[in-house]
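For reference, the structure discussed in these notes is given below.
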Amino acid sequence: MKLLVYITTIALGGLIIGIDTGIVASVLSMPEFKAFMFPPGTANASSLVGAIVSLGAAGGAFGNLIAGFVLEKLGRRSSLVLSTIFTIVGAVLQTASTGVALMIAGRALGGIALGMLRPTVPTYITELAPAARRGRLVGVFGLLIALGYVIAGWVGYACSFASGNTGWRLALGMQVPCAAVLVLLAVFLPESPRWLAQKERYEDMKRSMQRIHGAGSDSDASIEESLAAIRTQIALEAATRTTHSWGYAMIELFNRRNIVRTAVAIIVLQVGSLSGTMVIQQYQSILYASLGYTGQKALLITGCYGFMGFAGQILNIIGIADRWPRVRTMWFGCIALAICLSILMALSRFYGDGTNETGARTGVAFVFIFSLVFALFFNSTLHTIPPEYFPVHLRGYGLAVADFAQGVTNIWLNQVTPSAFDAIHWKFYSVFIACLLSLAVFYATCLKETNQVPLEEIAARFGDETVVNGDVERKVAAMGGVVAVHLENVPVHGQREQREDDILGPPAAAAARIQV
């Protein structure tokens, strides 16, 4: 129960991401906002709308780049607090905007904060979660992202009834409360034991584990086993490093040893952009206008749209996460989304003028189904896989690079989307359909299965050295056994074996028992 409280507190970062990202779609639909930012005679209003959205994405890309460094140097908890404070400052600038320039600056600063939060939250949760529940606990992050979109949609709809500029300013100001709550609650969070072990803060690591799992004779024995395994695996990983500098860590991501991990992490997160979900979320007003719905009616639809992602994420936690293999979830989800978009493209083609009310309603229904399907298969899965792939010292950097690549995609995609819809209308969906089918093939053939696998074992699937032979562990585990080992006699994946006293220090640590 205590672990779930900690995870939920960390996952409030997802609520911030959902609200901050989703509120833009609502605000852009408000006539008062458009009249204030783009008075009659404003040139290139469509390009300025794209700039507001894409500069937020640009800030996010920059935030991604610095997130790895901050995660490594300051730790998971401090990174969470720092990025959340940035969201508050960005939200204040947006709320107080006197024109497009200040609005863009606020979105850019808020984007930096979200760019830092995106790798921080799943990294933090992954390092606290047990293997058997890792997918569902990261799913709490996805659930709160979806809830954030729901809140943003209905806040936007409610604020549309306010007079003058009060509506859109109040909507933007609603980004602050959740962020303030997280900053206050973060004081009570334990630091990641794996990060503490990497920094050789072993006493702090033990205290953190005790806070997470509780005290007691059984818990203490389990904690000692986990401590031994984590410390040893981190020491094995550290033995392959020649420097601890930021620059080398970035280079290490792309060396022969880690290039597959990095490439797969990048491509896994790309489904969040190339599926079309970000375009639909950010530019719903354009999409609904193409089906004949504008004004407050479009805002009402936007509010209802958010519930679909929330419902889909609940279904994911109940029936998909930690139950379906990660690989099947990814490729099957791509095909399901491609089918949804194909139907939506056909409906936009024949009923996009809004003259056929039944056709237009069916189009909106498939927008909703698309949101449900994306949440069901991807909302948390695409945040679960990348942190599982990397060792501790590269986990923050690896997620930062993967999120940066997604941010770059969001920048150009958000910038071209208004013009693309103006130029080719319904045909724009075919771009996302082609991307989804290509990604389905990649996921089916290139992903490595990580469901239910402890983080300290996953490295073996990439040819790295690990503390205990995973196959032997799994066979013993299937018989309900416990493996008692002297680490100096344990078979190690890779080219060499290490004595436990070289890794854990005092010889007394050789009696460590590793629970399977």
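What follows draws every value from the coordinates through simple rules; no lab data is involved. Only a predicted model underlies this, so the values are computations on that prediction, with no experimental measurement involved. Every residue, glycine as well, gets a Cβ built from its backbone with ideal geometry; the counts of neighbours run over all protein chains shown.
The table below lists the values:
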{"read-out": "Potential extension, residue 69-residue 132 segment - 0.36 nm per residue separation minus Cα distance", "value": "19.8 nm"}
{"read-out": "Derived scalar couplings ³J(HN,Hα) [region 111-122; Karplus, 6.51 cos²θ - 1.76 cosθ + 1.60; whole Hz; x for Gly, Pro]", "value": "x, 4, 4, 5, x, 6, 5, 4, x, 5, 5, x"}
{"read-out": "Cut-off 14 Å between beta-carbons: net charge of the residues surrounding residue 33, Lys and Arg +1, Asp and Glu -1", "value": "+2"}
{"read-out": "At R0 = 51 Å, FRET efficiency that the Cβ-Cβ distance of residue 361 and residue 441 yields, to 0.05", "value": "0.90"}
{"read-out": "Local electrostatic count at residue 94 - Lys and Arg +1, Asp and Glu -1, tallied over other residues with Cβ under 9 Å", "value": "+2"}
{"read-out": "Amide H partners (placed H, <5 Å) of residue 30, local residues excluded", "value": "none"}
{"read-out": "Highest average packing first - 198-207, 364-373, 103-112, Cβ atoms within 10 Å", "value": "103-112, 364-373, 198-207"}
{"read-out": "Listed pairs 206/448; 2/73; 34/427 exceeding 29 Å between Cα atoms", "value": "206/448"}
{"read-out": "Span from the region 127-196 Cα centroid across to the region 61-79 one, whole angstrom", "value": "19 Å"}
{"read-out": "Karplus-derived HN-Hα couplings along region 332-344 (A = 6.51, B = -1.76, C = 1.60, θ = phi - 60°), whole Hz, x at Gly and Pro", "value": "5, x, 4, 5, 4, 5, 4, 5, 4, 5, 5, 5, 5"}
{"read-out": "Net +/- balance of residues flanking residue 148 in space, Cβ distance below 14 Å, scoring K and R +1, D and E -1", "value": "0"}
{"read-out": "Placed amide H near residue 451: partners under 5 Å, 5+ positions off or other chain", "value": "326"}
{"read-out": "Derived scalar couplings ³J(HN,Hα) [region 149-161; Karplus, 6.51 cos²θ - 1.76 cosθ + 1.60; whole Hz; x for Gly, Pro]", "value": "5, 4, 4, 4, x, 7, 4, x, 5, 5, 6, 5, 7"}
